[in-house]
Structures are given as structure tokens and as C-alpha cells.
Amino acid sequence: MMDKFAIIRSMDATASNHTPTTFQACNPKSRRTNDNRDGGGYPSMGSVAAKFRGPNVPGMPGFVALADSMAADIYGAGHLGHRYEPLDGVKSAGKFGMPDGMQTARLTDREELRQQFDRLRKHTELSPELSLQDRYVQEAYDMVLSGNVAKAFDVNRESAQVREKYGNHSFGQKSLLARRLVEAGVTFITMSDAWGHWDHHGDEVKWGGINKGLKPMLPVLDHGIATLISDLDERGLLDTTLVLVLGEFGRGPVITKTDGRGHWTPVMSMLAAGAGVPGGQVIGATDRRGGEIAERRLGPGDLGATVFKKLGIDPYGHWIKPGGRPTPLVEGPSAPIAELG
């Protein structure tokens, strides 16, 4: 399986906050404040993909998040605006159909009536907000009527054998849903199973340390990732799908007295596979303790530039802040990671 992956061992985490803004927005300046407000309005990579590329298939969302806590684990559109926020895939599953008793013709009649009222209102109140609202409504209307989004989110359409192969646990079923969404034409998916689990300091009963917490969870992670990669490969999707596996920072090189490891910003590791990434390679190196970068220092901007290049988005492009100021998609002397193809 590792012949499919590139291992990056020299990523500078830059921040030690659990909110994953820094990497999701590929920018150290994008750190959230303690009360969860955005730090500068920098958009997440998924929101950039939703704006500058859009969905791979018309009528599908451009950006879906699969997380138990959107507030803690997912970063959104920032100043790009609500249109490019991620769709909450956990809460939305099963909600794209029409209510009981509602027929397509009746829904169409309601939509035509709404449009008539909108036309009357626009004669007296012309504003970009109204046009934007119309666009939102039309997108939602198309999602419901086409049925394609509802089908993509319905993992019960998979055989029992496939569902069992992914595993009867949260991470496995999210991985299966992610594959279905890729297959259906969603461009960018952020999946997290971290909330309430992955914080192995060792002094917290809920998470535990290395032995009581991390060891039981690693097989679940390995199983989910291996199954997803194999399934994408067998279906001919891996060549066009970039899969990244990473956290928000590294962990200390020394095990503490509570059998855990603390937050560590100097270095972290991650995995990359698919979309032309040459597998079976290791990029960068640390010192012998695994605590400092020894070779090939990389940062969030390099990761973001790589993702955007793979998506056909200019990594040196800009987005516009409120007030009209052009702002780079990635900050600093960043560039696509050449070893990832």
C-alpha cells in the first residue's frame, strides 16, 4: 500500500492551535482567535476550490465537509462569502429529497410563484443581495429536483459487502461517503474524525495517552485510509483524486509522564497519494529525535500551492478582500512541492 503514498516528514506546522485554520487555509496568518472568529478572513482551500474551480459536475456542491464538529474541525470561506462555505455533509445526509406528500409538479409551482414575487420585489428594491439569494435558491432547487446529490449521500446504495469493507465505524463510513462524493463530482472534501478523539496528551481520560488512546485508534485509521485508496484505485479514480492525510500540528518527540505527547509546532508529517503523486518516496527528514526539521523545510503555503496546481487553479492567484485589496491565495515564498508531481 505504501507504494501509493509519498511521506512528507519536514512540514513546519507553524501553529499549535487545535482549530485547523492554518493548514486548511494554507496560510500561517489565518489563525483563528480564541473565540473561534476568523483570523483575517483568509478562505480555506476548499472554499478557494469552490470559487475558482466549482463542482466537477454541475448541480453538485463544490466543497463538502464531513466532521462531527464543524466549528472545531472545519474552516470555511472567510471573506470569500457564504456562497463558498462547505456543505455540512454529516447533517445534510438524507435531507436532499422532497418532504412526504410533495410532488415535483407542486414544488415547481411553488418555485414559479416565488419567482413572481421576486420580480415584483425587484422593481422596488434592486440589490446584489437579492440576486445572490436567487442564486442560492436556484442551486438548492436544482439539488433537490435532480436527485443526484441525494443519491451521492446515500451510502445505503452500496452493497453490504462494500460497507463492511470500509468498517462499521465513523471513520470508515465517512471514508466511504467521501469516495461516493468524489465519484459524483464534488471537487473538494475535508474529512475529520478528530473531535473527541485525537488529542493524546495522556492526562485526559476521554482521549488517553499513547497506549490507552492512540494504539487502539491507529488500526481504525489505517483500515479506513487503506480501504479508501484501494477503492479509488480499483474504480479508476485515484489518478485524478488527490488524497492528503494530516493533522494540525506535530507531537513532541518525548513521551510525557502521563504516557502522552504534547503539541509540537517545529515539525509534522503527512501523507499524499493520487493525482499523479509518485508513490513510495519520502520527502524531507528530521533530526534523530524527530523534533526538528533537518532537510527540505516545507510549510502550509507549499501545501496549498500544490493543491491548487493539482486543481488547475493558479497557485499565485489572488482573492479580493472587502475593500478591494488583492490578497495572495498563498502567502510568502511558497511553491508547489515538486516531488509530488
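For the stretch 178-195, which residues satisfy the criterion of being in contact with an Asp or Glu (Cβ under 9 Å, 6 or more places away or on another chain) and either over 13 Å from D73 (Cβ atoms) or at pLDDT below 95 (or both)?
Going through the stretch 178-195, the residues in contact with an Asp or Glu (Cβ under 9 Å, 6 or more places away or on another chain) turn out to be 179-180, 190, 192-195.
R179, R180, S192, D193, A194, W195 - these are the residues of the stretch 178-195 that are in contact with an Asp or Glu (Cβ under 9 Å, 6 or more places away or on another chain) and either over 13 Å from D73 (Cβ atoms) or at pLDDT below 95 (or both).
Please find, among G236, G284, G260, G290, the residue that is small (G, A, S) and at pLDDT below 95. Steps first, answer last, please.
On the way: G236 fails: at pLDDT below 95; G284 fails: at pLDDT below 95; G290 fails: at pLDDT below 95.
One residue alone meets the criteria, G260.
Just to check your reading of the model, which residue among A65, A13, A49 is modelled with pLDDT of 90 or more, part of a strand (DSSP E or B) and either surrounded by 24 or more Cβ atoms within 10 Å (Cβ to Cβ) or of a type in the set (A, V, I, L, M) (or both)? Walk me through how you get there before you give the answer.
On the way: A13 fails: part of a strand (DSSP E or B); A49 fails: part of a strand (DSSP E or B).
Selected residue: A65, the only one of A65, A13, A49 that is modelled with pLDDT of 90 or more, part of a strand (DSSP E or B) and either surrounded by 24 or more Cβ atoms within 10 Å (Cβ to Cβ) or of a type in the set (A, V, I, L, M) (or both).
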Residue among S175, S192, S159 that is of a type outside the set (A, V, I, L, M, F, W, C) and outside the structural domain of P300 (by TED's automatic domain parsing): S159
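For the stretch 259-278: of the residues being assigned to a loop (DSSP other than H, G, I, E, B) and over 18 Å from K309 (Cα atoms), which is farthest from the chain's Cα centre (by Cα)?
Out of the qualifying residues, it is D259.
Could we say that G202 is small (G, A, S), at negative phi and in contact with a Ser or Thr (Cβ under 8 Å, 6 or more places away or on another chain) here?
On the way: small (G, A, S): yes; at negative phi: no; in contact with a Ser or Thr (Cβ under 8 Å, 6 or more places away or on another chain): yes.
For G202, the condition - small (G, A, S), at negative phi and in contact with a Ser or Thr (Cβ under 8 Å, 6 or more places away or on another chain) - is not met.
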For the stretch 193-207, enumerate the residues that are under 30 Å from V149 (Cα atoms) and surrounded by fewer than 21 Cβ atoms within 10 Å (Cβ to Cβ). A194, W195, G196, H197
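The values are calculated or read from the model by the stated rules, or taken from the named source; none is laboratory data. As the structure is a prediction and not an experimental result, all values here were calculated from the model. Cβ: placed from backbone, ideal geometry, glycine included. Neighbour counts: every protein chain shown.
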